[in-house]
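Participant: My structure is below; once you've seen it, I'll send some questions.
The values are calculated or read from the model by the stated rules, or taken from the named source; none is laboratory data. This structure is a prediction, so every number in the text was calculated from the model and none was measured. Here the Cβ positions follow ideal geometry from the backbone for every residue, glycine too, while neighbour counts run over all protein chains shown. Please note that ligands, DNA and RNA were not included when accessible areas were found on the heavy atoms of the full protein model with its side chains. Shrake-Rupley method; radii C 1.70, N 1.55, O 1.52, S 1.80 Å.
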Amino acid sequence: MIICIQQVLPLAQRNELRQLLSGSRFIDGKATAGWHAREVKNNVQLSADESSLGTATAIVSKALMGHELFRMAARPKALSPILFSKYLQGMHYGTHVDDAFMGEMRSDLSYTLFLNDPASYEGGELVMDQAVGEQAFKLEAGDLILYPSTTLHRVEMVSSGERMAAVGWIQSRIRSNEQRELLFDLESARLSLYAREGKSAEFDLLSKSFSNLLRMWGE
């Protein structure tokens, strides 16, 4: 399941983050790529020894974990360290798949949180390789795309301007993509039913099934 979530990071937090990162040092992004991805990665990332990294990470982490739709879709058990990346003119990231483990954490899901206005740069689309063909995403500032880490993907070359994003990985409490999608659909349905009709026998049955599947599949 690939899902786009609007306004995970509100304007005030985006402005705070941009101001925080504006004077920070960015280094070659190859330093955090696996051996196979290093050959096709061409961007820069916030240096791990920058004092701004901790505050920037806290801003994004709080926004992620405070967003109900993100939690419903991801069922996060653990979050990886967050990478803050820039793509300047001529930069891109060729086709690759994310590593299965980020340190000691299994990567079940990946996300990209777009940080600047898509009209401020040309190119830079995140392109997913799917069974039905390729699909490109270039979201509004503050919007996030969440997708299985098993997906081949790339970032198209930026032909002008600057693309900024926060990227990271999630170990989910539900390892299976198919099971996560079923739980997401089931919870969406029961929340919609409750909003329309309140607590009912049908809501209770949906809640029972949802909780028991979560109990059965969760880790």
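Participant: Looking for something among the acidic types (D, E) and buried (at least 16 other Cβ atoms within 10 Å of the Cβ) - is there at least one such residue anywhere in the stretch 189-207?
Facilitator: Filtering the stretch 189-207 down to residues among the acidic types (D, E) leaves 197, 202, 204.
Okay, now just the ones that are also buried (at least 16 other Cβ atoms within 10 Å of the Cβ), so none.
For the stretch 189-207, residues among the acidic types (D, E) and buried (at least 16 other Cβ atoms within 10 Å of the Cβ): absent.
Participant: Continuing with this model, one more query. Can you work out which of the residues in the stretch 41-54 that are surrounded by 13 or more Cβ atoms within 10 Å (Cβ to Cβ) and assigned to a helix (DSSP H, G or I) is nearest to the chain's Cα centre (by Cα)?
Facilitator: My answer is L53.
Participant: OK, next. Which one of S107, S85 is within 17 Å of L20 (Cβ to Cβ), among the small types (G, A, S), in contact with a strand residue (DSSP E or B) (Cβ under 7 Å, 6 or more places away or on another chain) and surrounded by 20 or more Cβ atoms within 10 Å (Cβ to Cβ)?
Facilitator: So the residue among S107, S85 that is within 17 Å of L20 (Cβ to Cβ), among the small types (G, A, S), in contact with a strand residue (DSSP E or B) (Cβ under 7 Å, 6 or more places away or on another chain) and surrounded by 20 or more Cβ atoms within 10 Å (Cβ to Cβ) is S85.
Participant: If you go through the stretch 8-40, how many residues are under 14 Å from T55 (Cβ atoms), part of a helix (DSSP H, G or I) and of a type in the set (G, A, S)?
Facilitator: 1
Participant: Right, another one. Output yes when any residue across the stretch 127-135 is open to solvent by 60 Å² or more (accessible area, probe 1.4 Å), in contact with an Asp or Glu (Cβ under 7 Å, 6 or more places away or on another chain) and under 22 Å from I2 (Cα atoms), and no when none is.
Facilitator: Checking the stretch 127-135: not a single residue is open to solvent by 60 Å² or more (accessible area, probe 1.4 Å), in contact with an Asp or Glu (Cβ under 7 Å, 6 or more places away or on another chain) and under 22 Å from I2 (Cα atoms).
Participant: Within the bounds of the stretch 77-89, is there any residue that is closer than 22 Å to E134 by Cα and within 14 Å of the chain's Cα centre (by Cα)?
Facilitator: no
Participant: Need the failing condition index for F101 against (1) of a type in the set (F, W, Y); (2) open to solvent by 20 Å² or more (accessible area, probe 1.4 Å); (3) closer than 19 Å to I5 by Cα, just the number.
Facilitator: (3)
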